[in-house]
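Have a look at the structure below, then the notes.
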Amino acid sequence: MSIQEIIEKGGTYVFDPAETTLLPDEILANYGNFIDSICIVAKSEAGSSYYASSTAPKDPRFGEIYSSFAQLASDIGIQVYAMVHGNIDGFFSRDPNFQMHRSGGTPIEGYVCPSQEIYWQYLAEVVSEIATKSNLEGIILKDVLYPRDQSCFCDNCRRKFALANDIDRDFSLEQIRKRSNLFSKWQNDRVEALRNTISTVVNRVHKENKIDILSEVLLDSATNYFEGAKDHFGQDIGVITQLTPHVLLHIHPWSDLPSNNVELGKLKEQLQPYENRLSTGQNSLFAWDVNPTNFEMLTELKDTYSSSRIFFTDYKPSSYLNRRTLNLNLGV
């Protein structure tokens, strides 16, 4: 089976009960002899917790599956990582005061505006809870991002930007694109909102626990890798490495993973300008829908950039098509 082959070669499986039919007991029974680490989703894209939380709502379908699996894995010597979804939060985003909006004003379903300080504090409290509930190697802070450069245009973001730059609050993305100085400020404000989110989480958690926190950066050929991560999603690798020295590089979420040396060479060529930064800091890789062939390519990438781990799933998330449409600006 492909999962076993990948685990035997050092891959760290990411378990989300909402996305896979595999059960914890089944994973340990089938692969327990090969697993040295496992990543378990603790807070889902729906905004639900998979543990007894005093902060986040619990998913009634899965109870405390995170807590029980993490404890069982830790008891038999498996290193455990937790994954927390950040600004993708189906529960919080139902509140109109926290919804992310496109240029033009329509809400983006499932996304929370990163400029909301209340949400920074909420997310920090959730991550802090998780850090204290089990023996963890690290916590992956995933999806702290904007889905595209056309967000966020909620009332709060437009009002603050208009006041700071003395412009009409009913501005559009097209209007500020025509003024390079304004557009640069717009991009910097987005980076700053994500900086505030991550730093709030890190500072809260590290008051009590110096656990390793990995923050994600999306790297895809369709969005121009690191440059696109900043321009489209607000994820500035320079800023993120200052906040969480261990960075999670999400490889080709929307494009096919490299399956041969030619494709791998093209990917390395795109990442080459950042090789020194990646090699001197700490990084790990993450990819969806991995098979043994493209795992070999990821392993070569890991060796090139001295990555600590390769986190993987054997599936694409159920939100894949919607998220791909948003991230690549394919319409809506």
If you scan the stretch 15-44, which residues turn out to be in contact with an Asp or Glu (Cβ under 6 Å, 6 or more places away or on another chain) and within 19 Å of N135 (Cα to Cα)?
V41
Those residues that are acidic (D, E) and crowded, with 24+ Cβ neighbours inside 10 Å, I need them from the stretch 214-252; list them, please.
E216
Tell me, yes or no, whether the stretch 185-199 has at least one residue that is farther than 20 Å from M100 by Cβ, more than 22 Å from the chain's Cα centre (by Cα) and either surrounded by fewer than 20 Cβ atoms within 10 Å (Cβ to Cβ) or without any contact (Cβ under 8 Å) to a residue 12 or more places away in the chain (or both).
no
Looking only at the stretch 235-259, which residues are under 12 Å from N327 (Cα atoms) and in contact (Cβ under 8 Å) with a residue 40 or more places away in the chain?
P253, W254
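If I filter the stretch 260-279 down to residues being aliphatic (A, V, I, L, M) and either without any contact (Cβ under 8 Å) to a residue 40 or more places away in the chain or within 30 Å of V205 (Cα to Cα) (or both), which single residue comes out as surrounded by the fewest Cβ atoms within 10 Å (Cβ to Cβ)?
Of the stretch 260-279, the ones aliphatic (A, V, I, L, M) are 262, 264, 267, 271, 278.
Right, trim to either without any contact (Cβ under 8 Å) to a residue 40 or more places away in the chain or within 30 Å of V205 (Cα to Cα) (or both) and you get 262, 264, 278.
Numbers: V262: 8, L264: 19, L278: 20.
Looking at the filtered set, the residue picked out is V262.
Can you report the number of residues in the stretch 131-158 which are assigned to a helix (DSSP H, G or I), out of contact with any Phe, Trp or Tyr (no Cβ under 8 Å at 6 or more places or on another chain) and buried (at least 19 other Cβ atoms within 10 Å of the Cβ)?
Here is the first cut: in the stretch 131-158, the residues assigned to a helix (DSSP H, G or I) are 131-133, 155-158.
From the residues that got through so far, the ones that are out of contact with any Phe, Trp or Tyr (no Cβ under 8 Å at 6 or more places or on another chain) too are 131-132, 155-157.
Keeping just the survivors that are buried (at least 19 other Cβ atoms within 10 Å of the Cβ) gives 131, 157.
Matching residues across the stretch 131-158 total 2.
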It is to be established whether one or more residues within the stretch 171-178 are surrounded by fewer than 17 Cβ atoms within 10 Å (Cβ to Cβ), over 16 Å from I237 (Cα atoms) and of a type in the set (D, E).
yes
Going through D170, D95, D166 one at a time, which residue ends up being modelled with pLDDT under 95 and over 21 Å from H250 (Cα atoms)?
D170
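Quick one: which of E275, E300, E296 is of a type outside the set (F, W, Y) and at pLDDT below 95? Full working, then the answer.
Details: E300 fails: at pLDDT below 95; E296 fails: at pLDDT below 95.
From the options E275, E300, E296, the qualifying one is E275.
If you go through the stretch 46-61 one residue at a time, how many are of a type in the set (G, A, S) and in contact with a Phe, Trp or Tyr (Cβ under 9 Å, 6 or more places away or on another chain)?
5
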Against the definition (hydroxyl-bearing (S, T, Y) and either buried (at least 16 other Cβ atoms within 10 Å of the Cβ) or over 18 Å from D314 (Cβ atoms) (or both)), how does T21 come out, yes or no?
no
Output for Cβ contacts, cut-off 8 Å, separation at least six or different chains, first residue within 13 Å of F183 (Cα to Cα) and in contact (Cβ under 8 Å) with a residue 40 or more places away in the chain in the stretch 149-169, second acidic (D, E) and loosely packed, with under 15 Cβ neighbours inside 10 Å, reads none
Considering only residues that are small (G, A, S), surrounded by fewer than 14 Cβ atoms within 10 Å (Cβ to Cβ) and over 13 Å from E125 (Cβ atoms), which ones fall in the stretch 48-62?
A52
Out of everything in the stretch 209-230 that is more than 26 Å from P273 (Cα to Cα) and touching a helix residue (DSSP H, G or I) at 6+ places or on another chain (Cβ under 7 Å), what residue ends up being modelled with the lowest pLDDT?
N209
Checking S284 against (1) buried (at least 18 other Cβ atoms within 10 Å of the Cβ); (2) more than 21 Å from V80 (Cβ to Cβ), only one condition comes out false. Which one?
(2)
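The values are calculated or read from the model by the stated rules, or taken from the named source; none is laboratory data. Because the structure is a prediction, the values reported are computed rather than measured. Ideal geometry is used to build each Cβ from the backbone, glycine not excepted, and the neighbour counts take in all protein chains shown.
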